[in-house]
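S.K.: I have a structure here, written as structure tokens, and I will follow up with some questions on it.
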Amino acid sequence: MSTQPLDGAQALIKTLDDLGIEYMFGYSGGAAIPIFDALETIKTKLKFVLVRHEQGAVHMADGYARATGKPAAVLVTSGPGAGNTVTGLMTAMMDSVPMIVISGQTVTWMLGKDAFQEADIFGITIPVVKHNYLVKDTNSLPRIAREAYHIATTGRPGPVLIDVPKDVSGAAFTGDLNPPFNLPGYDPSGDFKIDRSAIEEAATLISQAKRPVILAGQGAMIARADKELRYLAETLHAPVTSTLLGKGVFPETHALSLGMLGMHGTAYANKAMIECDLLINVGSRFDDRIIGNPSKFCATAKIIHIDIDPAEMNKMIKPDICIVGDAKAALAALNEHINPLPTADWLSKLDGYKKKYPLTYKKQGGLRMQQVIDELYELTKGEAIVSTDVGQHQMWAAQFYKNSESFHWLSSGGAGTMGFGFPAAIGAQLAHPKKTVISISGDGGFQMTLFELATAQIHKLPIKIVVLNNHYLGMVRQWQELFFENRESGVDLIGNPDFCKLAAAYGIPSVHIKRPADVTRMLEKALAYNDGPILIHAECVKTDNVFPMIPAGAALEDMITEAPKQKMAKPIGST
Amino acid sequence: MNSIITTETPATAAPIRRGALHTLSILVNNEPGVLMRICQVFSRRGFNIDSLVVSEGRNANFSRMTIGISGNPDGLDQIIKQVSKLIDVIHCFEHTSDDSVTKELIMIKIACAEAERSQALHITAHFDGKTVDLTPSSMIVMITGDSPKIDAAVTMFSQFQIIETVRTGKVVMARGEQPT
């Protein structure tokens, strides 16, 4: 095994190794062969995982990052290989997930000439990455890789793509493996210099509040502001609600927790938003599924917004006080100025809402997804890392699987990417081999990336792969039922395979749950199996609906907590 | 049959008022693809780029873009922030006539027989313009100034047959010592 002289690909792999990248997920192809070859010719701690589709690779890197806070790398070939990463890049970009995607590219002298497997992936991915590169100079590869890592992991994190032409990766490297880099337009060090006057104004506003609510978003988790957030809530005696991606940064089992808010959040969280006189938003971007109609959102409240991204200020909601910066640094500064608030009446009122509008589900009439998730929560004591796909099961998992730790909830929020959950669980399980990792999917999303069963099986990853099968694209069907006079169009997943036989084809054992009475026993059996992946196929009732629900674009006041008796107007929000 | 194909405003009609609502000055890394990144920010948010001037800066590592745009003013703050977020953008400022000097350049090609030439030259002199091409039947005049001056010049030259005009976008520079 020789290490000198290096070619560009070897210099790139050495740099990634030096940066501490632990895993690289990928799929080979002609234009990327020199880089794949470098994995064999360079001594590296980098562990490569061969996937079955490039989308799976990007979601695995995403799951690894969400479960650790650290980036992984992805390596794919040019053209279709690179194109297949776009959905995963968009998913990571929308949810501020760091990763480095390396794509092979045709040789530089063929660029723009429609060469075999050529795609302008630089141009294609501009809207879905934090930054990207088309490398023209072999000796610049280490600098670009270091810049990419710096950009991906600092400030508001995000994915970075590096497109490497085959002649660039294959040429002799004569440069510096650890060169300095200079990004004059990018200086995230300012994210920790919090505006003290804004902090003091915020503290004054807080001192006047009688009905405060804290909204915890993923920004608080990324900043690792768990302790500061908890100190803020417990000192103020203020209730805390979280976004879908913020689940766990404040313990959902805490007496002050209101659970998730928004379209399918708890009724008591949404009622708290309607009635509060102060909202402290820590690291959430006021997604439209949270605010509904922006003109009616928190109409009677003063709003303090803490976010690392200045472009999020005034984007959806116009706060009274904007604090731009790292959530941990901002809360640490704010916590120096706060005193307990007289919130006993307010908390008492919210407790009344908790009793009046509990999260619940029917125990009769067939197996319900909520029951499976609820029992998974009980059996794992809420300590598992849970990934989900997108749809009804995702919302029920968010409601019934309470998270008490950061980085334990992996779900595609902004992009709403079906097919995300299972490969994300693979990334998370590789990152945490000894933790229980549960992938919860619907039958629709699972079929979008189920080919990664092979990847899970090869690496003997003890993932509990839960497929909640209602033979429907359930969330769309729910909308069609409620808003389109029950006209079911394009939602009946007739032709689903026998998921247990499918697992068996990959050599993966399975359990099959059909009746509510079997859930506990079957889940116990699956949770006890740790020799590799196990699939849990739960056949659930076909036409259950997720409640509470706020129709897209409607005000929080328009929340419905059960199936409406009368016909509903079509929602004005897009999703 | 007239062999001159013109898409210019007829002499009898009022000239099209370009006047961008906002002028942004952006300093960027002199790298391929930077303009594409910036245009994507504008187009995604429904802003039309009315004028665009890009050239290398005094330091060849950077380029200067002056962009005239029109669109919902409520979205401008978001545009500036999103452009500023791009890794290749050093800074992005909006400039108004109060804090900056703005100039444009126009070249106007008119059909102009010898009998009309004196009048055309008189108008050119009035606008501090220059004749940069002259034939027995045509001339090209170059004029610099702010947008109202350019508009006024076009109006005056409309008494001739305007064959075509080519107009740069605005270039802007902050007054005083502050950077543009």
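S.K.: When residues of region A:447-476 are filtered for being assigned to a loop (DSSP other than H, G, I, E, B) and crowded, with 24+ Cβ neighbours inside 10 Å, how many remain? Lay out the reasoning, then the answer.
M.R.: Initially, region A:447-476 is screened for residues assigned to a loop (DSSP other than H, G, I, E, B), giving A:459-463, A:470-471, A:473.
With the extra rule that they be crowded, with 24+ Cβ neighbours inside 10 Å, the set shrinks to A:463, A:470.
Residues in region A:447-476 being assigned to a loop (DSSP other than H, G, I, E, B) and crowded, with 24+ Cβ neighbours inside 10 Å: 2 in total.
S.K.: Does B:Ile90 count as touching a residue at least 40 places away in the same chain (Cβ under 8 Å), within 14 Å of chain A (Cβ to nearest Cβ), buried (at least 16 other Cβ atoms within 10 Å of the Cβ) and of a type in the set (A, V, I, L, M, F, W, C)?
M.R.: Values: touching a residue at least 40 places away in the same chain (Cβ under 8 Å): yes; within 14 Å of chain A (Cβ to nearest Cβ): yes; buried (at least 16 other Cβ atoms within 10 Å of the Cβ): yes; of a type in the set (A, V, I, L, M, F, W, C): yes.
Spelling it out, B:Ile90 is indeed touching a residue at least 40 places away in the same chain (Cβ under 8 Å), within 14 Å of chain A (Cβ to nearest Cβ), buried (at least 16 other Cβ atoms within 10 Å of the Cβ) and of a type in the set (A, V, I, L, M, F, W, C).
S.K.: Can you tell me how many residues within region A:315-330 are under 23 Å from the mean Cα position of the chain (by Cα) and within 14 Å of another protein chain (Cβ to nearest Cβ)?
M.R.: Total meeting the criteria: 4.
S.K.: Among the residues of region A:284-294, what is the count of those that are away from chain B (no Cβ under 13 Å) and at negative phi?
M.R.: Selection size over region A:284-294: 7.
S.K.: Moving to a separate point now. Identify, from the list A:Gln394, A:Gln429, the residue that is open to solvent by less than 30 Å² (accessible area, probe 1.4 Å), touching a Leu at 6+ places or on another chain (Cβ under 9 Å) and more than 30 Å from A:Leu278 (Cα to Cα).
M.R.: A:Gln429
S.K.: Considering only region A:563-571, I want to know if a residue exists there that is more than 24 Å from the chain's Cα centre (by Cα) and modelled with pLDDT of 90 or more.
M.R.: The answer is no, given that none of the residues of region A:563-571 is more than 24 Å from the chain's Cα centre (by Cα) and modelled with pLDDT of 90 or more.
S.K.: Determine which single condition A:Leu245 fails, assuming it passes every other condition in (1) farther than 25 Å from A:Cys298 by Cα; (2) in the same structural domain as A:Leu341 (by TED's automatic domain parsing); (3) in a loop (DSSP other than H, G, I, E, B).
M.R.: It fails just one condition, (1).
S.K.: Turning to a different aspect of this structure: Looking at (1) touching a residue at least 40 places away in the same chain (Cβ under 8 Å); (2) touching a helix residue (DSSP H, G or I) at 6+ places or on another chain (Cβ under 9 Å), which one does A:Met418 not meet, given that it meets all the others?
M.R.: Of (1) touching a residue at least 40 places away in the same chain (Cβ under 8 Å); (2) touching a helix residue (DSSP H, G or I) at 6+ places or on another chain (Cβ under 9 Å), only one is false for A:Met418: (1).
S.K.: Go over the candidates A:Ala255, A:Ala220 one by one and state the one that is aliphatic (A, V, I, L, M) and closer than 14 Å to A:Ile280 by Cα.
M.R.: Selected residue: A:Ala220, the only one of A:Ala255, A:Ala220 that is aliphatic (A, V, I, L, M) and closer than 14 Å to A:Ile280 by Cα.
S.K.: Considering each residue of region A:495-514, count those that are touching a residue at least 40 places away in the same chain (Cβ under 8 Å), within 14 Å of A:Leu453 (Cβ to Cβ) and not in a loop (DSSP other than H, G, I, E, B), and give that number.
M.R.: 3
S.K.: Give the number of residues within region B:18-58 that are open to solvent by less than 70 Å² (accessible area, probe 1.4 Å) and either basic (Lys, Arg) or within 14 Å of chain A (Cβ to nearest Cβ) (or both).
M.R.: 15
Residues are listed down the side, and each one gets a yes or a no for (1) of a type in the set (Ser, Thr, Tyr); (2) part of a loop (DSSP other than H, G, I, E, B):
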{"site": "A:Phe250", "(1), (2)": "no, yes"}
{"site": "A:Gly259", "(1), (2)": "no, no"}
{"site": "A:Gly262", "(1), (2)": "no, yes"}
{"site": "A:Gly265", "(1), (2)": "no, yes"}
{"site": "A:Tyr268", "(1), (2)": "yes, no"}
{"site": "A:Leu279", "(1), (2)": "no, no"}
{"site": "A:Arg285", "(1), (2)": "no, yes"}
{"site": "A:Arg289", "(1), (2)": "no, no"}
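S.K.: Any residue in region A:59-78 that's over 14 Å from A:Ala428 (Cβ atoms): show its pairings with residues that are charged (D, E, K, R) at Cβ separation under 6 Å, as long as the two are six or more apart or on different chains.
M.R.: A:Val76/A:Glu54
S.K.: Out of all the residues in region A:221-238, is one or more of a type in the set (Gly, Ala, Ser) and in a strand (DSSP E or B)?
M.R.: No: region A:221-238 contains no residue that is of a type in the set (Gly, Ala, Ser) and in a strand (DSSP E or B).
S.K.: Oh, and also: Just to check your reading of the model, which residue among A:Phe116, A:Phe122 is modelled with pLDDT of 95 or more, more than 18 Å from A:Tyr23 (Cβ to Cβ) and out of contact with any strand residue (DSSP E or B) (no Cβ under 6 Å at 6 or more places or on another chain)?
M.R.: That would be A:Phe116, the only listed residue that is modelled with pLDDT of 95 or more, more than 18 Å from A:Tyr23 (Cβ to Cβ) and out of contact with any strand residue (DSSP E or B) (no Cβ under 6 Å at 6 or more places or on another chain).
S.K.: Let me ask something additional. Output the residues belonging to region B:66-84 that are in a helix (DSSP H, G or I) and either more than 14 Å from chain A (Cβ to nearest Cβ) or in contact with a Gly (Cβ under 9 Å, 6 or more places away or on another chain) (or both).
M.R.: If the condition is that a residue be in a helix (DSSP H, G or I) and either more than 14 Å from chain A (Cβ to nearest Cβ) or in contact with a Gly (Cβ under 9 Å, 6 or more places away or on another chain) (or both), then B:Gly75, B:Ile79, B:Ser84 are the ones that fit.
S.K.: Still on this model: Taking region B:146-161 as the search range and keeping residues that are closer than 27 Å to B:Val54 by Cβ and in contact (Cβ under 8 Å) with a residue 40 or more places away in the chain, which one is most open to solvent (accessible area, probe 1.4 Å)?
M.R.: Among those residues, the one meeting the criterion is B:Asp146.
S.K.: Something else about it: Filter region A:42-82 down to residues that are out of contact with any Leu (no Cβ under 6 Å at 6 or more places or on another chain), part of a helix (DSSP H, G or I) and open to solvent by 10 Å² or more (accessible area, probe 1.4 Å), then give me how many there are.
M.R.: Going through region A:42-82 one residue at a time, the tally reaches 4.
S.K.: Also, quick follow-up: Could we say that A:Asn182 is assigned by TED's automatic domain parsing to the domain that holds A:Thr68 and in contact (Cβ under 8 Å) with a residue 12 or more places away in the chain here?
M.R.: Judged against the criteria, A:Asn182 is not a match.
S.K.: Something else: Within region A:313-328, how many residues are within 18 Å of A:Gly246 (Cα to Cα) and either open to solvent by 10 Å² or more (accessible area, probe 1.4 Å) or polar (S, T, N, Q) (or both)?
M.R.: Final tally of qualifying residues: 2.
S.K.: Here is a follow-up. Under 6 Å between Cβ atoms, which residue pairs at least 6 apart in sequence (or on different chains) link something in region A:302-314 that is more than 9 Å from every other protein chain (Cβ to nearest Cβ) with a partner that is charged (D, E, K, R) and open to solvent by 20 Å² or more (accessible area, probe 1.4 Å)?
M.R.: A:Lys302/A:Asp320; A:Ile303/A:Asp320; A:Ile308/A:Arg156; A:Ile308/A:Asp191
S.K.: Would you be able to tell me the number of residues in region A:480-494 that are without any contact (Cβ under 8 Å) to a residue 60 or more places away in the chain and surrounded by 14 or more Cβ atoms within 10 Å (Cβ to Cβ)?
M.R.: Residues flagged as without any contact (Cβ under 8 Å) to a residue 60 or more places away in the chain and surrounded by 14 or more Cβ atoms within 10 Å (Cβ to Cβ) within region A:480-494 amount to 4.
S.K.: Related question: Please list, ordered by first then second residue, the pairs with beta carbon atoms under 7 Å, 6 or more apart or interchain, first in region A:142-156 and away from every other protein chain (no Cβ under 13 Å), second assigned to a helix (DSSP H, G or I).
M.R.: A:Pro142/A:Ala11; A:Pro142/A:Thr15; A:Ala145/A:Leu12; A:Ala145/A:Thr15; A:Ala145/A:Leu16; A:Arg146/A:Thr15
S.K.: Which one of these does A:Val541 not meet: (1) closer than 30 Å to A:Gly259 by Cα; (2) modelled with pLDDT under 95; (3) part of a loop (DSSP other than H, G, I, E, B)?
M.R.: (2)
S.K.: Also: Could you list all residues from region A:157-175 that are open to solvent by less than 20 Å² (accessible area, probe 1.4 Å) and either among the hydroxyl-bearing types (Ser, Thr, Tyr) or without any contact (Cβ under 8 Å) to a residue 24 or more places away in the chain (or both)?
M.R.: A:Ser169
S.K.: Among the residues of region B:60-86, count how many are open to solvent by 70 Å² or more (accessible area, probe 1.4 Å), modelled with pLDDT of 95 or more and farther than 18 Å from A:His131 by Cα.
M.R.: Summing the residues that are open to solvent by 70 Å² or more (accessible area, probe 1.4 Å), modelled with pLDDT of 95 or more and farther than 18 Å from A:His131 by Cα in region B:60-86 gives 1.
S.K.: If you don't mind, there's one more thing I want to ask. Name the residues in region A:85-130 that are more than 12 Å from chain B (Cβ to nearest Cβ), open to solvent by 20 Å² or more (accessible area, probe 1.4 Å) and among the charged types (D, E, K, R), would you?
M.R.: Once the filter is applied, which keeps residues that are more than 12 Å from chain B (Cβ to nearest Cβ), open to solvent by 20 Å² or more (accessible area, probe 1.4 Å) and among the charged types (D, E, K, R), region A:85-130 yields A:Lys113, A:Asp114, A:Glu118.
S.K.: When you scan region B:117-134, do you find a residue that is in a strand (DSSP E or B) and closer than 18 Å to B:Ser51 by Cα, even just one?
M.R.: Among the residues of region B:117-134, not one is in a strand (DSSP E or B) and closer than 18 Å to B:Ser51 by Cα, which makes the answer no.
The values are calculated or read from the model by the stated rules, or taken from the named source; none is laboratory data. Treat the numbers as computed from the prediction; the structure is a model and nothing was measured. Every residue, glycine among them, receives a Cβ derived from its backbone with ideal geometry; neighbour counts consider all protein chains shown. Side chains included, ligands, DNA and RNA excluded: accessible areas come from the protein's heavy atoms. Shrake-Rupley method; radii C 1.70, N 1.55, O 1.52, S 1.80 Å.
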